[in-house]
Amino acid sequence: MKLTFRKEAYLLLEDGTWCKGSSIGKPGTTTGEICFNTGMTGYQEIYTDPSYYKQIIINTTAHIGNYGTKNEEQESDGVKFSGLVCRNFSDVYSRKDASGSLQEYLERNNITGIADVDTRWLVRHIRHKGAMNAIISSEITNLEELKTELAKVPSMKGLELSGEVSTKEPYYVGSEENPYRIAVLDLGIKKSILDNLVQRGAYCKVFPAKTTFEVMNEWRPHGYFISNGPGDPAVTTYAIETVRKILYYNLPLFGICLGHQILAEANGVKTYKMHNGHRGLNHPVKNLITGRSEITSQNHGFAVDLEAVKSNPDLEVTHINLNDNTIEGIRMKNKKAFSVQYHPESSPGPHDSRYLFDQFISMLQ
Amino acid sequence: MPRDNSIKSVLIIGSGPIIIGQACEFDYSGSQAARSLREEGIEVTLINSNPATIMTDSVTADNVYLWPLEKKSIIKILEKHKHIDAVLPTMGGQTALNLAIECEKAGIWKKYGVRIIGVDIKAIETTEDREKFRLKMLELGIGVCKGETATSFLQGKEIAQEIGFPLVIRPSFTLGGTGGGFVNSPDKFDAALTAGLHASPIHEVLIEQSIVGWKEYELELLRDNLGNVIIVCSIENFDPMGIHTGDSITVAPAMTLPDTIYQKMRDMAIKMMNGIGQFAGGCNVQFALNPDTNDIIGIEINPRVSRSSALASKATGYPIAKVAAKLAIGYNLDEIPNAITKTTSAYFEPALDYVVVKVPRWNFDKFKGADKTLGLQMKSVGEAMGIGRNFQEALQKACQSLEIRRNGLGADGKELTDLEKITHSLENPSSDRLFHIKDAFHMGMSFKNIQQLTKIDKWFLSQIEELYLIDKEIQKYDINTIPEHLLRTAKQKGYADRQIAHLLGCLESHVFDKRMQLGIKRVYKLVDTCAAEFEAKTPYYYSTFDGENESIVSDRKKIVVLGSGPNRIGQGIEFDYCCVHGVLAAKECGYETIMINCNPETVSTDFDIADKLYFEPVFWEHIYEIILHEKPEGVIVQLGGQTALKLAEKLHRYGIKIIGTSFQSLDLAEDRGSFSTLLKENNIPYPKFGTVQSAEEAIELSKELGFPLLVRPSYVLGGQSMKIVINEKELEEHVINILKDMPENKILIDHFLDGAIEAEADAICDGEDVYIIGIMEHVEPAGIHSGDSNAVLPPFNLGNLEIKQIEQHTKKIALALNTVGLINIQFAVKDEVVYVIEANPRASRTVPFICKAYREPYVNYATKVMLGDKKVKDFKFNPHKEGYAIKVPVFSFNKFPNVNKELGPEMKSTGEAIYFIKDLDDEFFEKIYSERNLYLSR
């Protein structure tokens, strides 16, 4: 081992806040909406989750990289987030079955990051000021130039991104022999959602984001799954339209995260951009039907309007967040459709909520 | 389910005296639980025989019984308080659980209509019985250590074949694991099996799969009546399997676990807790992980609040005991608010944005001849915790907190350079292995070799290797040439100014001045359970070198109370008791109180005791920077024992006000020459004495003083290296020994008053008036350290004349020393003359004992006197005097099978109990009196 001091890098936020740190990953420049994740494990799963598309992530846990990376722990076909901010970045890793270090991994995937930053200060700042765009660079050291570059980045509000991360062609997951055919609308799906469905006897056909109901229905699925994904739900109009039709024919439907927001939108319920979103592995959710609570994995910057759900005669709130009472789950009163805001597949995160997949499968029987 | 309203009065069982393996963490848990229940309007009755505890204060509970933890005491309490409807036995360690089980078996709870809450007796049985535990785990599908018992050679061979190597042989019914051991290969097995079978009195051995070297983890769980479970904290052991977790360096959160494996462990932990019984409360689960295969084995499960839960509470800010008590009375987790944020829910899992490292504190120097190798039995007496923004910072802060005269991890000139010794230490872990790992890097030992010898995870070792590289980098410079980024990096990685000064070859103050010029200052971050996601309302801070400072200084007048650091022999929970009361009293006087301490087991480090808690080493530079930041009116040093007191000189030198007795007086009392002049001037007798700095001078002096002599170094704790010698040969040997450990120490030599009776007095003085709070007579003769003696309050065998002399001497000395606050004076009484042996103008070990015996808040009074808020004459003293109270020392010799119980001038006891007697005809008193000379040695 040799003592190395990394090259300098800069981080600039939309509101002019900036700091210096060390360059990690691939040297260069990157931009995105800056948000924080408080999980203490599971960085690789986070970086490959398509919902983080075009986002710069602050990992709040003190050390990142300690256990390297492993090819099998990808949540999609590649790295999806756009930049990393952390306190301590570890080149050295310890894990017998690791595929390599996080540094090699980021370099290979063209991800630029910054370490040795007071992440806690940043989180407190974002907590007060709300989510905003940011730029990381190890090349541009002039603040004015950084500002010019940052100004080119569009706001996440009103941004449709699912089309960009979704599969281009339909594909199948699971065995054809499996009893339940599930049509999956891929708005940026995580691999472990499909794994959870398949483990429970599903044969999934994953469709591109902009697939119409008619095309999906041709496959004669037993049920529909609307996935998570990045961007503003309100402008993902094509998916809202698809869901409306599924509901019209009263077919079983389960939505996660963006899929949950789209189910709400399809019922005329508005979504809104949250101050700084929920991102972490420790969010408390209460199931109002059973009275039991679960520790959930979350990653969302938009949410469903609580009052609008309460006043909607077709909808019912099934789950709420115990920290801030935001909506975590809804179901339709007279239809076989339900959705949750959080991630029951929870990779990374606790496995408390996997019963929701059982619930969906039992709807198909 | 909301709170169960049928519970109106709860009995909490404490853990008794402090012994190795069961320390003051249970004062923390008992106090939190009591406060938590009383918040709900529940009446709390407490039983604990340990007087030096906050839990047994009237501020904590409604009814307090300082009685022995026995069935009889429980019956007496239940007879008296017929309305007690529940007992909470999970807050007092194994002692409380065992007593609860004993009472259950005797049908006592049933007879008095008392429910056990917080645990299920069947769950305890499952977890205590190795075989039941194993079967339960197999039933739940949890991996356990493979193992079987053999009663014959043939059977043993068969089992070994099934399990494979390496394995462990554990003979049944032998003390301390005699005759057992690890067997790595088949060729060594036959001999080991034969030896094991012979060693066991019933010729039975347990043959078990060896998991030495696997990684070790702990999870802290809470569960409510609905079945909601949270994991409060994951803890990773730096030391792999094979060393008791209490003797392991531990780290939170887990550092080297990927999410996939962590979640598997989390699922298993929940399954295990659900599997052993349905109860609402806390639980600790331990796992071993095979780093090669990722196999996970369940090691044990403790259905109660433990040492690890105290650590987890302090590490995360999540008050486990407080919440566990609420769960026990029926609340569900989602109904309880998060005590730190106050706005979010207690049903969540804390997220940390810092690292916590706990390092145990050993006291092998007190147990001559003890086996110092760490293994399956716990040997440490206390622990210190460091919080930092990275592992290295937290580790070095923990080392700075240990009070072992190290300034961090090495870089202090105390490195070991004997490669053979280092190799042995790496392979056979003892108290200083951590330091020797770094020494091994310095000696050029290869990373691979170090890893093979220690089996410590590569990531941890590389962190230490990096510190070694930084040492070498710093050494390339001097104070004028060291680059700013290197100095900043070193500070961020936890280096003390002293370490950097050592590496640069300059003074500590030069490093301090240089970094102040460069603006490299400590900032303070909050422990908030949520990684800053939500706003936190609780002022619980740690220092680091980072961007933003979160500790906002108020404009109130402030007082700093210095804590007593890690528990060790001679400095235990008594001082934490005093600190807590000091804080509460200063609050009453209108001050904002600031607590500085680094012991995770204590009540003083609960975030709701002081107005501001800095969880920091009680180490000069940390304290000084807090003082520079907070600008308090002064610092209270006389409540935190020797740890706090020895910082007085430097505080004084830096112009910081010491509250109460001044540094000059503290120094006068410690300096034997000036002190005896003071005694002479006041016509107070004292044993003839002198100071020497060589063996030759000592022999010269002995001719003048006459044998026997009491020999000891100056400025030490608990009679460290204190010895009685009877001839020149012994004298010479001991002086040489002391000088070897502490070169340039001034050695004190007193004429030893053979056969004298020892007594001591504690008093409060405001500089004008003196009030003696208690006089105690020791049952054992002079020569046994006061901390190891049975002390009787008031004296049982001293005449009026003698007591009068004690009173007069005490008052004279207290005034002559200009004492403001507490003072303790030790006496030897021989032939009706009372000699003064020493005076300590500070809170002593006996103060909490007197407070409890006389039911008076003396520390509160003394603090108000120190602060100048009150005079001695302002108080209406009203001690409750009835019969006698005995302070009974409790030892942990059974943890060291090779060490004889021998008592002398050096303190050996780890804890104490209080025992009340009506008169001297008491059986217990008769027993200790008749045995008073039994253990005396030199």
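We did not get these values from a lab; they are worked out from the coordinates using the rules stated. Note that the structure is a prediction, hence the values are computed from the model and not measured. Glycine gets a Cβ as well: all are built from the backbone with ideal geometry, and neighbour counts include every protein chain shown.
For the protein assembly as shown, the fraction of alpha-carbon pairs lying more than 51 Å apart is 31 percent, rounded to a whole number. Dipole orientation for the protein assembly as shown: of the candidates B:Cys233, A:Thr60, A:Asn217, A:Asn217 has the Cα lying most toward the positive pole (charges on Cβ; Lys, Arg +1; Asp, Glu -1). How high is the relative contact order of the stretch A:193-263, in percent, counting Cα pairs under 8 Å that sit 6 or more residues apart? Worked out over the stretch A:193-263, it gives 36 percent. For the stretch B:692-754, GluC sites (Glu not before Pro) are listed when DSSP marks them as loop and at most 10 other Cβ atoms sit within 10 Å of their Cβ; the list is B:Glu744. Each listed q (0.07 Å⁻¹) maps to a log10 I(q)/I(0) for chain B from the Debye sum over equal C-alpha point scatterers, namely -0.58. Sites listed here are GluC sites (Glu not before Pro) in the stretch B:486-571 whose DSSP assignment is loop and whose Cβ has at most 10 other Cβ atoms within 10 Å, and the list is empty. Number of Lys-Lys pairs in the stretch A:210-365 under 15 Å by Cα, sequence gap 8 or more or different chains? The number of close lysine pairs in the stretch A:210-365 is 5. How charged is the neighbourhood of B:Ile270? Take every other residue with its Cβ under 9 Å from the Cβ of B:Ile270, and add Lys/Arg as +1 and Asp/Glu as -1. Its environment carries a net charge of +1. I need to check one value: relative contact order of the stretch A:1-74, counting alpha carbon pairs closer than 8 Å and at least 6 residues apart, in percent. The value is 25 percent.
Here each label is just a point 7 Å from Cα along the line to Cβ, and for B:Glu125 and B:Ser58 those points are 4.3 nm apart. Between B:Asp555 and A:Asn110, the simple label model (points 7 Å from Cα in the Cβ direction) yields a spacing of 5.7 nm.
Rg ratio for the stretch B:688-751: its Cα radius of gyration over 2.2 N^0.38 Å, N being its residue count, equals 0.95.
From the gyration tensor of the Cα coordinates in the stretch B:539-652, what semi-axes in whole Å does the equivalent ellipsoid have, largest first, with each one equal to sqrt(5λ)?
Value: 20, 16, 14 Å, ordered largest first.
Lys-Lys pairs in the stretch A:8-151 that are eight or more residues apart or on separate chains and whose Cα atoms lie under 22 Å of each other come to 13. Of all lysines in the structure, the ones whose alpha carbon falls short of 30 Å from that of B:Lys76, not counting any fewer than 8 places away in one chain, are B:Lys8, B:Lys105, B:Lys110, B:Lys111, B:Lys122, B:Lys322, B:Lys326, B:Lys852, B:Lys881, B:Lys887, B:Lys918, B:Lys927. A straight Cα-to-Cα reach below 17 Å connects B:Lys680 with the lysines B:Lys688, B:Lys811, B:Lys812, residues fewer than 8 places away in its own chain not being considered. Secondary structure note: in the protein assembly as shown, about 70% of the DSSP beta bridges are antiparallel. Gain on full extension, evaluated as 0.36 nm per residue between B:Lys421 and B:Lys110 minus their Cα-Cα distance, stands at 106.1 nm.
Considering only Cα-Cα distances, which of the following residue pairs are longer than 30 Å: B:Lys476/B:Lys740; B:Lys448/B:Lys493; A:Lys157/B:Lys537; B:Lys646/B:Lys830; B:Lys157/B:Lys271? Too far apart for the 30 Å limit: B:Lys476/B:Lys740; A:Lys157/B:Lys537; B:Lys646/B:Lys830; B:Lys157/B:Lys271.
Full extension of the chain segment joining B:Lys71 with B:Asp267 gains 66.7 nm, where the gain is 0.36 nm per residue of separation less the Cα-Cα distance. Restriction of the GluC sites (Glu not before Pro) in the stretch A:150-256 to DSSP coil positions whose beta-carbon has at most 11 other beta-carbons within 10 angstrom yields A:Glu176, A:Glu177, A:Glu218. For the stretch B:662-723 versus the stretch A:236-275, the inter-centroid distance based on Cα atoms is 85 Å. If you wrap the tightest convex hull around every Cα atom of the stretch B:220-350 and split its volume per residue, you get 102 Å³. Is the stretch A:162-363 best put as rounded, prolate or oblate by its Cα gyration tensor, with a ≥ b ≥ c the root eigenvalues, rounded for a/c under 1.5, and otherwise prolate when a/b is larger than b/c, oblate when not? Rounded is the answer for the stretch A:162-363, as its axis ratio a/c remains below 1.5. Summing +1 for each Lys or Arg and -1 for each Asp or Glu among the other residues whose beta-carbon sits under 12 angstrom from that of A:Ile58 gives +1.
Taking every C-alpha pair closer than 8 Å and separated by at least 6 residues, the mean separation divided by the residue count of chain B gives a relative contact order of 10 percent.
Within the shell of other residues whose beta carbon sits under 11 angstrom from the beta carbon of B:Glu649, the net charge comes to +1, with Lys and Arg scored +1 and Asp and Glu -1. Each helix, a run of at least 4 DSSP H residues, gives -39500 (n - 2.57); summed and divided by the residues of chain A, these come to -6000 deg cm²/dmol at 222 nm.
Shape call for the stretch A:171-222 from the C-alpha gyration tensor, a ≥ b ≥ c root eigenvalues: rounded (a/c under 1.5), prolate (a/b greater than b/c) or oblate? Because a/c hits 1.5 or more and a/b fails to exceed b/c, the stretch A:171-222 counts as oblate. Legend: Rg and Dmax of the stretch A:239-284, from Cα coordinates, 12.8, 37 Å. Here's the list of aspartates and glutamates a cross-link from B:Lys870 could span, going by alpha-carbon distance under 15 Å and ignoring same-chain residues fewer than 8 apart: B:Glu588, B:Asp766, B:Glu768, B:Asp769. Backbone amide hydrogens, once placed in the peptide plane, bring A:Leu322 within less than 5 Å of A:Val285, A:Lys286, excluding anything fewer than 5 places away on its chain.
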